[in-house]
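Worksheet: one structure, shown below.
The values are calculated or read from the model by the stated rules, or taken from the named source; none is laboratory data. Because the structure is predicted, anything quoted here is derived from the model rather than measured. Here the Cβ positions follow ideal geometry from the backbone for every residue, glycine too, while neighbour counts run over all protein chains shown. The accessibility values were calculated without ligands, DNA or RNA, using every heavy atom of the protein model including side chains. Shrake-Rupley method; radii C 1.70, N 1.55, O 1.52, S 1.80 Å.
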Amino acid sequence: MRDVGKEIHEKLVAKDQARRFNRYVEVQNDLLATGKSLVAADSFAAAYERFKQIVAHAEGLWDDACRLFVHDRYATALALSVTCLEEVGKIGVARFQLALDEQVRRGGSPVTQSPIVGRKRHPFYSHTQKLLLAAGAGALVNSRLDRILGLTNVVAFLDQVENGEIEPLRQSCLYTDAKGGHLLLPAERIGRQPAEFHLVLAGEILAEVAGFEPPEFQRLLAKVQQFEKAIGHAHQ
């Protein structure tokens, strides 16, 4: 019989969860404090409709990545998967913004805003910080993800996020380059395995973060599992 306590402890250590979680909270609070709400509206119902539109956009990006993948367009599929993850980061913030904005509508105090900064320094335009949101919310505590992608691989992804390696990866999937006299083409640099990993990762995290209501989680997860099964990936 498995020692569940030992297994949980090993995951906590492997993922460095306490430190990463604190970092995730710090970045999320920073984003909330900028005052930029993607779900600002006069009523909660209207705000929730905007939230659903944001989720639909991220889901559409994932759908497009899936279509590219099945047509062996691995590089562009990976690039869209990363873009989907960035949008999931915004969803993570918008979930909290729904509650905070409703608090203000009911007469509560708004979140203290950070000083206005330029676009390059604005947290919403920092790929690394957005990805930290996605990773923190959807990959940090996710036993299903650990199981179907492998704990070691998930930890490696979290490390890449912190090291700022994801955005260069996305760009290498889209742009040609030259090095040492050799032409570097995205289609020749990116194969099926990394594209599959990031596509499954994006789908799973999308379901985890966007599906905070059980019916929506079940819908998104069933959709992701169906695709995983279709391409021969672990799906249970």
Exercise. Cβ-Cβ below 7 Å, separation at least six or inter-chain, first residue in region 32-59 and in a loop (DSSP other than H, G, I, E, B), second acidic (Asp, Glu): which pairs?
Worked result: SER37/ASP101; VAL39/ASP101; ALA40/ASP101
Exercise. Just wondering, is there one or more residues in region 73-95 that are at pLDDT 85 or above, out of contact with any strand residue (DSSP E or B) (no Cβ under 6 Å at 6 or more places or on another chain) and not in a helix (DSSP H, G or I)?
Worked result: yes
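Under the condition of being of a type outside the set (Phe, Trp, Tyr) and under 26 Å from GLN225 (Cα atoms), which residue from region 156-168 is surrounded by the most Cβ atoms within 10 Å (Cβ to Cβ)?
VAL161
Name every residue in region 48-104 that is of a type in the set (Gly, Ala, Ser) and closer than 19 Å to VAL27 by Cβ, in order of residue number. Outline the logic, then answer.
Initial filter on region 48-104 (of a type in the set (Gly, Ala, Ser)): 56, 58, 60, 65, 75, 77, 79, 81, 89, 92, 94, 99.
Result: ALA58, GLY89, GLY92, ALA94, ALA99.
Would you point out the residue of region 44-62, among those that are of a type in the set (Gly, Ala, Ser) and open to solvent by less than 50 Å² (accessible area, probe 1.4 Å), that is farthest from LEU221 (Cα to Cα)? Spell out the reasoning first.
Pass one, region 44-62, residues of a type in the set (Gly, Ala, Ser): 45-47, 56, 58, 60.
From what's left, open to solvent by less than 50 Å² (accessible area, probe 1.4 Å): 46-47, 58, 60.
Values: ALA46: 26, ALA47: 24, ALA58: 14, GLY60: 15 Å.
Applying the filter and picking the extreme gives ALA46.
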Exercise. Could you list, in sequence order, the residues of region 140-155 that are within 16 Å of LEU199 (Cβ to Cβ) and open to solvent by 40 Å² or more (accessible area, probe 1.4 Å)?
Worked result: ASN153
Exercise. Taking region 175-201 as the search range and keeping residues that are touching a helix residue (DSSP H, G or I) at 6+ places or on another chain (Cβ under 7 Å) and of a type in the set (Gly, Ala, Ser), which one is farthest from HIS233 (Cα to Cα)?
Worked result: ALA187
